[in-house]
Amino acid sequence: MNTLDGSLSMLRNPAIIKFILQGVLFTLIISVAAVLFSIAIGTVLALMRNYCSGRRTGILKAVSVIYIEMFRNTPLLFWIFICVVFCPTPGFVDSQMFGLSSVNNKLLFKAAVALILYTSGVIAEIVRGGLNSVAHGQIEAGQSQGFSMLQIMWYIVLPQTFRAIVPTLLSQVITTIKDSSFLANVAVIELMARTKQVLSAANRYNGLNSINVSDVFVLFGLAAAIYFVINFSLSMTVRNMQKRTMTVKVTRSPVSKEKKLAEAECDDGNIGEVGSVFD
């Protein structure tokens, strides 16, 4: 048996495939959870940065600016290591979950917190872009109807904001799925970490009693293919949504004033011609 055949034989091992697919599932769960929590935190930060500009609320805007700029301009891996050292863990993490020891669960929790904190700074700017796309006149209209600022945000501004940023949020999901691979430096639950675990024990499964270069190519090639399939599928979804959005904008685009005036002049001319005939 040559080295390549031995490496490929690992892909026919049901236990290895199951182990890696569990890593794929955990990667998706971590990424989706991180995005959902980040949307909640990022929305609050975006609202603070956009609308807290008064004397009493100016401190909230300053906090949001510092938070967003600090996390957007520093690497994720830095915050993973910071959270691993300093982030406390709740009591339920001490129990065994996902087939992992309490130590690994603590590391996973801390790394996930870092991913949420980092992603929320990015999503805050995405939401802020959506907030800026809503005309200020709609806020004034809500105030004229007696709505409170909270009601205006909840019923008028935020629905339009999230409708406008759905494609961008899906793009951020793709980025978060790729960023989750950084968790492999401290946790052993997601796809990259499990791929590394299989590679470290490849000599027991390839039938060659040694770890070869072909093992690296086969296992990490499999991980790369899985990442590609997931992210490419999401990317195609984003592109289709953007095309539909552009189509809707084109079909609903208002007629320019010049075109309306030209059509009015043509109609006036036609009416005059009809009048002269009957005269």
Which of (1) in contact with a helix residue (DSSP H, G or I) (Cβ under 6 Å, 6 or more places away or on another chain); (2) modelled with pLDDT of 90 or more; (3) closer than 22 Å to residue 158 by Cα is the odd one out, the single condition residue 40 does not satisfy? (1)
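Could you say which residue among 103, 122, 63 is of a type in the set (A, V, I, L, M) and buried (at least 17 other Cβ atoms within 10 Å of the Cβ)?
Numbers: 103 fails: buried (at least 17 other Cβ atoms within 10 Å of the Cβ); 63 fails: buried (at least 17 other Cβ atoms within 10 Å of the Cβ).
After ruling out the rest, the residue left standing is 122.
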Of a type in the set (Ser, Thr, Tyr), part of a loop (DSSP other than H, G, I, E, B) and surrounded by fewer than 18 Cβ atoms within 10 Å (Cβ to Cβ), is that true of residue 181? no
Given (1) in a helix (DSSP H, G or I); (2) within 19 Å of the chain's Cα centre (by Cα), identify the lone condition not met by residue 74. (1)
Which residues, counting only those in the range 101-145, are of a type in the set (Asp, Glu) and in contact with a helix residue (DSSP H, G or I) (Cβ under 8 Å, 6 or more places away or on another chain)? 125
Failed criterion for residue 53 (all others in (1) crowded, with 17+ Cβ neighbours inside 10 Å; (2) outside any helix (DSSP H, G or I) hold): (1)
For the structure I just gave you, tell me whether residue 195 is among the hydroxyl-bearing types (Ser, Thr, Tyr), under 30 Å from residue 101 (Cα atoms) and modelled with pLDDT of 90 or more. yes
Residue pairs qualifying under the 8 Å Cβ cut-off, at least six apart or on distinct chains, with the first in the range 98-110 being over 22 Å from residue 78 (Cβ atoms) and the second being modelled with pLDDT under 80 and assigned to a loop (DSSP other than H, G, I, E, B), are 98/189; 100/188; 100/189; 102/95; 102/96; 105/95; 105/96; 105/98
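Does the range 1-14 hold any residues that are over 16 Å from residue 191 (Cβ atoms) and either in contact with a helix residue (DSSP H, G or I) (Cβ under 6 Å, 6 or more places away or on another chain) or not basic (Lys, Arg) (or both), and which are they?
Going residue by residue through the range 1-14, those that are over 16 Å from residue 191 (Cβ atoms) are 1-9, 12-14.
Scanning the range 1-14 gives 1, 2, 3, 4, 5, 6, 7, 8, 9, 13, 14.
Let's see how each residue does on (1) surrounded by fewer than 15 Cβ atoms within 10 Å (Cβ to Cβ); (2) part of a loop (DSSP other than H, G, I, E, B):
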{"site": "189", "(1), (2)": "no, yes"}
{"site": "195", "(1), (2)": "no, no"}
{"site": "210", "(1), (2)": "yes, yes"}
{"site": "216", "(1), (2)": "yes, no"}
{"site": "223", "(1), (2)": "no, no"}
{"site": "227", "(1), (2)": "no, no"}
{"site": "230", "(1), (2)": "no, no"}
{"site": "238", "(1), (2)": "no, no"}
{"site": "243", "(1), (2)": "yes, no"}
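The values are calculated or read from the model by the stated rules, or taken from the named source; none is laboratory data. Not measured: the values here are computed from a predicted model. Ideal geometry is used to build each Cβ from the backbone, glycine not excepted, and the neighbour counts take in all protein chains shown.
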